[in-house]
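The values are calculated or read from the model by the stated rules, or taken from the named source; none is laboratory data. Remember, predicted model here, so these are calculated numbers, not experimental data. Ideal geometry is used to build each Cβ from the backbone, glycine not excepted, and the neighbour counts take in all protein chains shown. Surface accessibility is based on the protein's heavy atoms, side chains included, excluding ligands, DNA and RNA. Shrake-Rupley method; radii C 1.70, N 1.55, O 1.52, S 1.80 Å.
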Amino acid sequence: MNKNFNSKNLEVVDFLTKETFYDRELWAKFVNQFRFRDDNTNLGWRGEYWGKSMRGAAMICSYSNDEKLYEILTETVRDMLTTQDEYGRFASYDIEKEYHDWDVWCRKYVLLGFLYYYDICKDDALKKEIIEALCKHADYILSTVGDDEGKLKINETSHVHYGMNSSSILEPIVKLYNITKEQKYFDFATHIVNCGGARKINIFELAYKNELAPYEYGITKAYELMSCFEGLCEYYYVTGEEKYKTAAINFGKRLIETDVTVIGCSGTTHELLDFSAMRQTVPYDNGQQETCVTVTWMKLCDKLYKLSGEAIFAEEIERSYYNAYLGAVNDQKKVSNDRCFISYSSLCGIKEAVPSFLPFDSYSPLLVGKRGIKTGGAQMLRDGTYFGCCACIAGAGVGSFINSSVVKNESTVIINQFINGKVSDENFNINITTDYPKNETVNFVFDTKKDTIIKVRIPSWSKDTKIKADFDYQINDGYLVANLNVGKYNLKIDFDFSVYATYPKKWSETTIYTEIKIPEFEYVGTKIKYSPEQDNYVCLTRGPLVLGADSRLDKDINSVFSPLIKDGKAISVDSNKANFPVDVCQEITAEDGTTFTLVDYKSCGRDWESYICAWLKTK
């Protein structure tokens, strides 16, 4: 299926390609982590940078068919192949320090990076070389990790997060099995699942039983937890055991219920699940709503959608993409002044980091705060520059959005995201004309060359959707569904772009696991109670977009906003009062008859100097 989109909302593809993925020197720095093994100095995670970046770059290259990008990726793949050691490892840790902290996590990303490149590789000889190298890489792990006497269990190969970061290697191990059909890789995947994901805590069983929400599991590092369930989805496809499908879907739905915020991320206490959906208006002075969590949530939702076919997961991808994800794009090329994550060690006598441009910001504020406050997952490189985890994962975000946009399932074509452009294969052509989500209208022309079932997602937030079609259709489970014979058909949808009010949800008390005792790395439960002050906020949304406040606009961002709400809607009109680039600008009427201006959240604070918020004070 060919996707040829032309949308402002996909400008991030060109941005990442030109600013990061074309950078041969940057790829060389990432490869050098496996030559010099600087992660030895602090048991760090520099070894994730190559594979994590390669995964996103390959996803983008698969869509864009950019020959220059493909050439650069091929070069760095060949370079990376030269770093395999005598044991078969691609490792950023020496043997003496292996199986601590982030070692297996980094080896996981080596597997993923190569496997995603393998999917786009045009050279059969190179593909064979890659698989041979990956088998040696995996075989070393299998020789030292597993159920046999004298071996470590997978969740014993890391001191941090009860070994859950290591257990996330499940996904590429299953992918390697799918390519090679080697039983030993399936058996190792089974070992990982049977170990339960974490020491002392079987996260897969907890999700299957569905008695606890994920933030109650006792281990709450959001990104790593989601990554393990990405692997469980892949394991289900191989085994067909409904238990694993149920566990993965339960996990995703409970996250939506308890830990996904209005901007489509999780974790209001740094990078940890903490009952975020209910606690979005609890002040927190450190980074929150991590970009790695946003992207991993989008990737997991893409898998859960394909697993379940439920529109809710496609809708979550949309929410995350247009708010948290695009809001984190550093297209103004700002440099963070924060150095707190870079002070772990000095390499080669370097005492101070060189200010470095990274293409994506790491954290997004919900209450009044700034972007660009720190670089998440930052590690210093040998030349004094630094990079971070959120910058590396960025390509997989837009890649997942594009992957989910139009899906073909046998004779059914499913449109989940509304992007201007064309989609086609040998049996159909679809023209989509829209500037959504700036405006509410989406026009479709379907040209079918054989009988085709068309499904178009109708978002749950669109309470008054207007549809004009020259064919018969039904609305089922969040989709417009039509059986189209050979021919040409037209469809126009006007979604409800009224400005709706969302209020904090009431709760009583619970236990969260956001305190970690060092050096034991033990998660400690803390009982917390609801506070009435959390109710004194409102969030306004227009379509999939959160409307945010910015200190450059016409109202003091720390003041009381109190929009006039009638039947759940604010009184609003389009405006051009914003004095900086925005996609949507709305003039909102307050209870006292005055007005104030809000803009799309993703356009707020991109200068990294102004203060912004998604939740507005009402008292």
- prompt: Under a 5 Å amide H to amide H cut-off, with H placed in plane at 1.01 Å, what residues pair with V546 once short-range neighbours are removed?
  reply: Y601
Label-zone membership for the range 40-72, site D123, 7 angstrom Cα→C-beta point, backbone N under 12 Å: 71-72
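How much area per residue is accessible in the range 142-212 when the probe is 1.4 Å and only protein heavy atoms are counted (Å²)? Could the numbers behind the result be given before it?
Numbers: 2900 Å² over 71 residues.
Value returned for the range 142-212: 41 Å² of accessible area per residue.
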query: Which value, in Å³ per residue, describes the convex hull spanned by the Cα atoms of the range 66-147?
result: 101 Å³
- request: Starting from one equal scatterer on each C-alpha and no solvent at all, send me the Debye-based log10 I(q)/I(0) for the chain at q = 0.12 Å⁻¹, two decimals.
  value: -1.32
task: May I ask which residue of S559, I154, G287 lies farthest towards the positive end of the charge dipole of the chain, with charges of +1 (Lys, Arg) and -1 (Asp, Glu) on Cβ and the Cα centre as origin?
output: S559
- prompt: Got a sec to turn the phi values of the range 512-524 into Karplus ³J(HN,Hα) couplings, 6.51 cos²θ - 1.76 cosθ + 1.60 with θ = phi - 60°, whole Hz, x for Gly and Pro?
  reply: 10, 10, 10, 9, 10, 7, 10, x, 5, 6, 9, 6, 10
query: With every protein chain left in place, what is the accessible area of I475 in Å² (1.4 Å probe, nearest 10)?
result: 90 Å²
task: Can you pull the one-decimal nm distance between simple spin-label points at V486 and K136, each 7 Å off the Cα toward Cβ?
output: 5.4 nm
Note, ³J(HN,Hα) from phi for the range 134-146, Karplus 6.51, -1.76, 1.60, rounded to Hz, x at Gly and Pro: 5, 5, 4, 4, 6, 4, 4, 4, 4, 6, 10, 10, x
task: Could you rank T190, T76 by how accessible they are, 1.4 Å probe, largest area first?
output: T190, T76
message: Taking 20 °C and 1.002 mPa s as the conditions, I'd like the Stokes-Einstein D for the range 511-587 in µm²/s, using the Kirkwood hydrodynamic radius from alpha carbon pairs.
response: 131 µm²/s
- prompt: Quick one: Karplus J couplings for the range 267-280, per residue in order, coefficients 6.51, -1.76, 1.60, θ = phi - 60°, nearest Hz, x for Gly and Pro?
  reply: x, 9, 10, 6, 10, 10, 5, 8, 6, 4, 4, 8, 10, 5
message: If you average the C-alpha positions of the range 493-538 and of the range 166-232 separately, how far apart do those two centres end up, in angstrom?
response: 26 Å
statement: Under the 7 Å Cα-to-Cβ spin-label approximation, F357 and L212 lie apart by a distance in nanometres of 4.6 nm
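Arrange the peptides 393-401, 587-595, 272-280 so that the one whose residues have, on average, the most other Cβ atoms within 10 Å appears first. If you can, show how the numbers build up before the last one.
Details: 393-401: 27.3, 587-595: 14.3, 272-280: 24.4.
Peptide ranking by packing, descending: 393-401, 272-280, 587-595.
With all protein chains present and a 1.4 Å probe, how do S551, S364, S460 order by accessible area, largest first? Don't skip to the answer; put the middle values down first.
Details: S551 55, S364 5, S460 85 Å².
Listed by decreasing accessible area, they come as S460, S551, S364.
Kindly provide the chymotrypsin sites (Phe, Trp or Tyr not before Pro) of the range 159-223 that DSSP labels as loop, not H, G, I, E or B, and whose Cβ sees at most 15 other Cβ atoms within 10 Å. Before the final figure, lay out the partial values.
Numbers: sites: Y162, Y177, Y185, F186, F188, F204, Y208, Y215, Y217, Y223; in loops: Y217.
Nothing satisfies the criteria.
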task: Show V354, V407 ordered by accessible area, largest first, where the area counts protein heavy atoms only and the probe is 1.4 Å.
output: V354, V407
- prompt: Considering only protein heavy atoms, what is the solvent-accessible area of K577 at a probe of 1.4 Å, reported in Å² to the nearest 10?
  reply: 110 Å²
message: Using a 1.4 Å probe on the protein heavy atoms only, what accessible surface does K333 show? Give it in Å² to the nearest 10.
response: 100 Å²
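How big is the charge dipole of the chain about its Cα centre, in debye rounded to the nearest 20, if each Lys and Arg gets +1 on its Cβ and each Asp and Glu gets -1 on its Cβ?
600 debye
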